[in-house]
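First up is the structure itself, then whatever we jot down about it.
The values are calculated or read from the model by the stated rules, or taken from the named source; none is laboratory data. These figures come from a predicted structure and were not determined experimentally. All Cβ positions, even for glycine, are placed from backbone atoms using ideal geometry, and neighbour counts span all protein chains on display. Areas reflect the complete protein model, heavy atoms only, side chains present, ligands, DNA and RNA absent. Shrake-Rupley method; radii C 1.70, N 1.55, O 1.52, S 1.80 Å.
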Amino acid sequence: MFTSKFLFFIAGLVLQVYFASAIDDSHAWGYECINRRCEKTQITATNKDTILSLRVCRLYCYDDIGTLWPKPTGNVTFLRAVTGVNPNYIKFTTDNFKNNEFFEMAKERFINIQKNKIQNISLGGLDMNIDIKAESEDMELNYDVYEGYDLTIISNANEINVKITSKNFFGARHALETLSQVIVYDELNTKLVVLAAATIHDEPKFKHRGISMDTSRNFYPVRVIKKTIEGLSMAKLNSFHWHITDSQAFPMEVKSHPDFTKYGAYSKDKVYTADDIKDIVKFAKSRGVRVIPELDAPAHIGEGWQKKLDLTTCVNYMPYLDYCWQPPCGHMNPIKDELYDVLEDIYREMLESFTPPVFHMGGDEIFFSCWNTSKPLQDWMLNRGLKLDHDGFLELWGYYQTNALARMNKVGGSKLPIMLWTSELTEEPFASKFLEKDRYVIQIWTTGDDSKIQRVLNSGYKVIISNNDAFYLDCGFGSWASDGLIWCSPYNEWQKVYNNDIDGMGGARIDQILGGSATIWSESIDEQNLDSKIWPRASALAERLWTNPKEHWRNAEPRFLMHQMYLKSSGGLASEVLQPEWCVHNEGLCQL
């Protein structure tokens with residue numbers, strides 16, 4: 001830790017360099033840091049040498065953490081001074097990642113982001129030397145990984161020295177994300193600048209912080225998925241839960257069963273090949289994001305199964321609400337041994353393409369009425385002493401889950417945590433009978449005050465929170481199947497996302513909550529409006545899960561508005577606009 005005296009000594013040297021350039025006469029307004037607020041001020045001859053641009057003022061005037069998002073959880077020391085940095089002279093040194101392709105990708109990304117911030121830049125700026133030391137070269141992004149880091153910036157008249165220490169690549173990558181946020185373009189002095197000195201210790205509160213995204217209802221090109229993952233990395237979200245298939249479409253290539261995409265994809269151009277998936281997984285890992293694939297089953301099947309109808313029940317039955325929530329209906333037929341052979345093939349190929357640290361097996365919205373349409377299935381149950389009632393069909397469901405898991409284990413997934421959506425199967429006594437507590441993670445999709453959350457926790461399961469009354473990002477819009485609003489309305493504004501009370505849901509069992517995911521179901525969303533549905537609300541989720549702040553959203557709003565601008569300018573994300581831009585330039589004057 002540097003002493004304040006030493007920091008200010010360095011600042012004196014740095015400021016001599018930084019203020020060497022003059023503000024030209026084309027600018028009328030700047031900002032002054034007064035009582036920890038950036039006040040818009042007319043530029044005059046008397047203040048011309050000390051006036052700040054908006055980004056620079058916000059960088060160190062507001063609070064003790066400037067505009068960092070999410071808020072660091074450890075000690076932060078900022079020097080209230082900046083120095084120019086030349087993005088063409090950023091150098092990396094490391095003893096750990098010299099031949100690591102993910103580190104090379106992270107370096108290239110960091111440098112490109114800085115260069116993209118430049119607008120009519122003046123010549124000048126110091127070299128930046130970034131030294132990274134990690135304890136381990138392990139690249140496994142599982143739930144045991146530690147993502148914390150320490151970041152130090154210290155400048156002198158000749159160079160900027162950055163030191164990053166972490167346990168692994170992922171902590172170092174998060175440190176680079178933080179460093180990127182304290183490098184801003186100063187439009188008044190037409191320079192790229194960085195905090196002259198800082199020390200930051202930071203680590204996340206929750207292990208799972210992510211987005212659950214549906215690519216079956218509407219297809220998203222690979223470039224759109226990558227852009228979404230880019231946004232996740234900018235907010236230090238670490239999980240991309242890919243709901244890749246559903247009843248409406250089967251866009252995932254299965255080489256051993258090409259009929260799935262031939263008959264199930266919207267077109268031959270709307271297919272995720274094995275190479276596409278591997279490319280996305282690699283892209284995500286370099287950005288500190290794990291990809292969690294989901295094959296939703298045994299319900300939510302339809303398109304793509306046309307050549308395997310003997311392994312299904314109630315496909316395309318009408319009226320659909322008698323057999324499923326959305327058309328087309330379809331369930332797997334658990335009594336068919338051949339079904340598990342097909343699942344084994346699918347699982348094998350998914351493990352090869354995704355190499356996932358976690359696998360999601362779906363398991364929601366089973367309609368027993370769909371299974372009850374099959375006379376052979378009824379006879380099979382009755383011959384085994386199962387009644388054709390609620391409990392009997394839950395036993396059938398448990399039989400399916402047991403056999404499906406066995407095939408997952410057989411193809412190499414025996415050590416993978418398995419995720420399931422909350423359902424009747426995750427309720428007792430069936431949960432303990434069919435779902436191993438050390439193996440299954442339950443993803444909560446009901447409301448945050450649902451007593452089911454405590455029941456699942458009391459049963460001993462680890463949990464991912466995706467309560468629909470805060471973390472469902474597709475809520476609050478028009479229904480796609482009728483008039484009125486969608487079922488989970490109203491709209492979950494960023495304030496509600498930010499204030500979502502995870503501690504209250506966990507209670508004494510908060511340690512069993514691994515984190516949360518915001519969901520983006522795609523019935524009425526495609527690549528044209530995806531960004532605005534996710535951003536910046538997913539960043540509110542990010543601070544909730546990284547920091548788990550005790551403060552109200554109002555305290556975070558000034559930083560959040562600046563972060564939204566960062567998503568647009570550095571990430572190219574068409575983030576939803578939250579306020580008139582005047583409110584950003586006149587801090588605090590729009591608050592009720």
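For the reader, a short list of remarks on this structure follows.
- Read-out volume of the Cα convex hull per residue in Å³, derived from the coordinates shown; its label in (1) 157; (2) 166; (3) 816: (1)
- Once the Cα atoms are used to define both axes, helix 337-354 deviates from the longest principal axis of the chain by about 10 degrees.
- The stretch 167-227 and the stretch 268-303 have Cα centres spaced 22 Å apart.
- log10 of Debye I(q)/I(0), alpha-carbon scatterers only, for the stretch 113-240 at 0.11, 0.15, 0.18, 0.19 Å⁻¹: -0.50, -0.84, -1.06, -1.11
- In this label model, Glu493 and Asn458 are separated by 3.5 nm, measuring between points 7 Å along each Cα→Cβ vector.
- Label-zone membership for the stretch 352-372, site Glu436, 7 angstrom Cα→C-beta point, backbone N under 16 Å: 358-361
- Taken about its Cα centre, the stretch 131-184 carries a charge dipole of roughly 240 debye when the Cβ of each Lys and Arg holds +1 and the Cβ of each Asp and Glu holds -1.
- With R₀ set to 41 Å, the beta-carbon distance separating Gln378 from Gln306 gives a calculated FRET efficiency near 0.95.
- Its Cα centre serving as origin, the stretch 282-426 has a Cβ charge dipole (Lys and Arg +1, Asp and Glu -1) of approximately 620 debye.
- Estimated 222 nm signal from helices in the chain, with DSSP H stretches of n ≥ 4 weighted -39500 (n - 2.57), rounded to 500: -10000 deg cm²/dmol
- Paramagnetic reach from Asn116 in the stretch 557-571 [backbone N under 18 Å; point 7 Å along Cα→Cβ]: 562-571
- Amide H contacts of Val85: Leu126, Leu192, Val193, Val194, each under 5 Å away and 5 or more positions distant or on a separate chain (H built 1.01 Å from N in the peptide plane; Pro and chain starts excluded).
- Distance (nanometres) between label positions extended 7 Å along Cα→Cβ at Arg36 and Lys282: 4.7
- Integer Hz, Karplus 6.51/-1.76/1.60 couplings in order for the stretch 23-38, x for Gly and Pro: 7, 7, 6, 6, 9, 9, 10, x, 9, 10, 8, 10, 6, 6, 9, 7
- Inter-centroid distance (Cα atoms) of the stretch 416-466 relative to the stretch 32-62, Å: 51
- Cβ-based charge dipole, the chain, positive-most Cα from Leu545, Ile132, Tyr340: Ile132
- Restraint check, Lys387/Lys410; Lys226/Lys437; Lys255/Lys307; Lys255/Lys410; Lys278/Lys415, Cα-Cα greater than 23 Å: Lys387/Lys410; Lys226/Lys437
- Straight-line cross-link reach from Lys533 at under 20 Å between alpha-carbon atoms covers these aspartates and glutamates, not counting any fewer than eight positions away in the same chain: Asp214, Glu230, Asp469, Asp474, Glu493, Glu523, Glu543, Glu557, Glu576, Glu581.
- Tilt relative to the chain, helix 274-285 - C-alpha long axis, 0 to 90 degrees, to 10: 40
- R0 of 45 Å, Cβ-Cβ distance Ser26-Asn156: FRET efficiency to nearest 0.05: 0.90
- Computing FRET efficiency as 1/(1 + (r/R0)^6) for Lys163 and Thr446, where r is the C-beta to C-beta distance and R0 is 45 Å, gives about 0.50.
- 0 to 90° range, to nearest 10: angle between helix 537-546 axis and the chain longest Cα axis: 90
- Rounded to the nearest 10 Å², the accessible area of Ile118 at probe 1.4 Å: 50
- Cut-off under 5 Å, modelled amide H: who pairs with Ile130 long-range: Lys91, Phe92, Thr93, Val162
- Given charges at Cβ of Lys, Arg, Asp, Glu: the chain dipole, positive-most of Ile183, Asn372, Ser459: Ile183
- Heavy atoms of Glu428 accessible to a 1.4 Å probe, total area in Å² rounded to 10: 80
- The per residue volume of the convex hull around the alpha-carbon atoms of the stretch 471-592 is 138 Å³.
- For the Cα trace of the stretch 34-143, dividing Rg by the Kirkwood Rh returns an Rg/Rh value of 1.04.
- For the stretch 227-242, putting each phi into the Karplus relation 6.51 cos²θ - 1.76 cosθ + 1.60 with θ = phi - 60° gives couplings of 5, 5, 5, 4, x, 4, 5, 5, 9, 6, 7, 10, 9, 10, 8, 9 Hz, in residue order, rounded to whole numbers and with x for Gly and Pro.
- Charging the Cβ of each Asp and Glu at -1 and of each Lys and Arg at +1, and nothing else, the dipole of the chain about its Cα centre rounds to 1200 debye.
- Taking label points 7 Å from Cα along the Cα-to-Cβ direction, Ser524 and Ser479 give a separation of 1.1 nm.
- Here the Karplus relation 6.51 cos²θ - 1.76 cosθ + 1.60, evaluated at θ = phi - 60°, turns the backbone of the stretch 130-147 into coupling constants of 10, 9, 10, 10, 10, 7, 9, 9, 4, 10, 7, 9, 9, 7, 9, 6, 9, 10 Hz, with x for every Gly and Pro.
- Sequence-distant residues sharing a close amide H with Trp29 (under 5 Å, placed H): Ile43
- Over 12 Å [Cα-Cα, the stretch 431-478], rounded percent: 63
- Contour excess over end-to-end distance, with Cα ends at Ala274 and Ala574 and 0.36 nm allotted per residue: 105.1 nm
- Proximal lysines to Lys98, defined as alpha-carbon separation beneath 21 angstrom and excluding residues fewer than eight positions away on the same chain: Lys107, Lys133, Lys163, Lys167, Lys282, Lys285
- Comparing Cα centroids, the stretch 546-580 and the stretch 68-129 end up 21 angstrom apart.
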